[in-house]
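Okay, structure first, notes after.
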Amino acid sequence: SFFFSRYLATLDAMVSAAGPSAPIEADIPFWFNTIDAGTGSTLDREILARTAGVTIMAYRNHATGVDVVLEVAAPELAAAAALGKPARIGQETNYLGSSAGDRKQTYYGFTRTQMELQLSQVDSGAAAYATYAGLAIHDYTGYSAMKRGTDPAASAQPSTVRLHRPTNRAPYRPRRPE
């Protein structure tokens, strides 16, 4: 489609302008493997071929069951591994709305302990993919607003979740309203 070809052309221009000293990565929705890129390939693979790595926006709030994080992220994790590109799994912590569809996409309303229990299972399962690079939490404001939790069995265990912390970006500083 015209939109996706323009997107890939823009991505090519960004990668070219950045050069090898500033690798470009992309955030992609988990369903990009279902989009024909018009090149005999899918959009996820075309993006992976052009970038240094991806974060898969696999916004689900459970590790096991049906329509869960690993299930929706698996095709993208497999594509990244096949192409030798690092892939993180993105998770949402902000309020998205009150519908069932909105609620299943975020850890909003969970305690940090509840979220970390789910994400430790995700992390363990995703480690089966050679280029899995950890989790990316969206965003600091939502994450920091989460309550710690009170389950003594869960909170006694140190977190084993590998969070991706970008090292090449300046810290986010909100601007004051003018």
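The values are calculated or read from the model by the stated rules, or taken from the named source; none is laboratory data. All figures in this text were calculated on a predicted structure; none of them were measured in a lab. Cβ sites come from the backbone with ideal geometry, for glycine too, and all protein chains shown count toward neighbours. We work out accessible area using only protein heavy atoms, side chains counted, and drop any ligands, DNA or RNA first. Shrake-Rupley method; radii C 1.70, N 1.55, O 1.52, S 1.80 Å.
Per-residue answers, yes or no, for (1) modelled with pLDDT of 95 or more; (2) buried (at least 17 other Cβ atoms within 10 Å of the Cβ):
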residue	(1), (2)
THR106	yes, yes
THR111	yes, yes
GLN114	yes, yes
GLN118	yes, yes
ALA128	yes, no
LEU135	yes, yes
THR150	no, no
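Given the structure, is ALA74 aliphatic (A, V, I, L, M), in contact with a helix residue (DSSP H, G or I) (Cβ under 7 Å, 6 or more places away or on another chain) and either at pLDDT 95 or above or open to solvent by 50 Å² or more (accessible area, probe 1.4 Å) (or both)?
no
Across the range 36-48, what is the total count of residues that are under 18 Å from the mean Cα position of the chain (by Cα) and not basic (Lys, Arg)?
5
Only one of THR167, THR93 is under 18 Å from ASP27 (Cα atoms), modelled with pLDDT under 95 and hydroxyl-bearing (Ser, Thr, Tyr). Can you tell me which?
THR167
Which residues, taken from the range 67-93, are assigned to a helix (DSSP H, G or I), among the small types (Gly, Ala, Ser) and under 30 Å from MET146 (Cα atoms)?
Residues satisfying the conditions are ALA73, ALA74.
Confirm whether GLU92 is under 15 Å from the mean Cα position of the chain (by Cα), open to solvent by 20 Å² or more (accessible area, probe 1.4 Å) and of a type in the set (Asp, Glu).
no
Which of (1) in contact (Cβ under 8 Å) with a residue 24 or more places away in the chain; (2) over 30 Å from LYS147 (Cβ atoms); (3) open to solvent by 20 Å² or more (accessible area, probe 1.4 Å) does ILE28 not meet, given it meets every other one?
Here ILE28 clears every test but (3).
(1) closer than 30 Å to SER16 by Cβ; (2) without any contact (Cβ under 8 Å) to a residue 40 or more places away in the chain; (3) in contact with a His (Cβ under 9 Å, 6 or more places away or on another chain): which one isn't true of ALA133, the others all being true?
Condition (2) is where ALA133 drops out.
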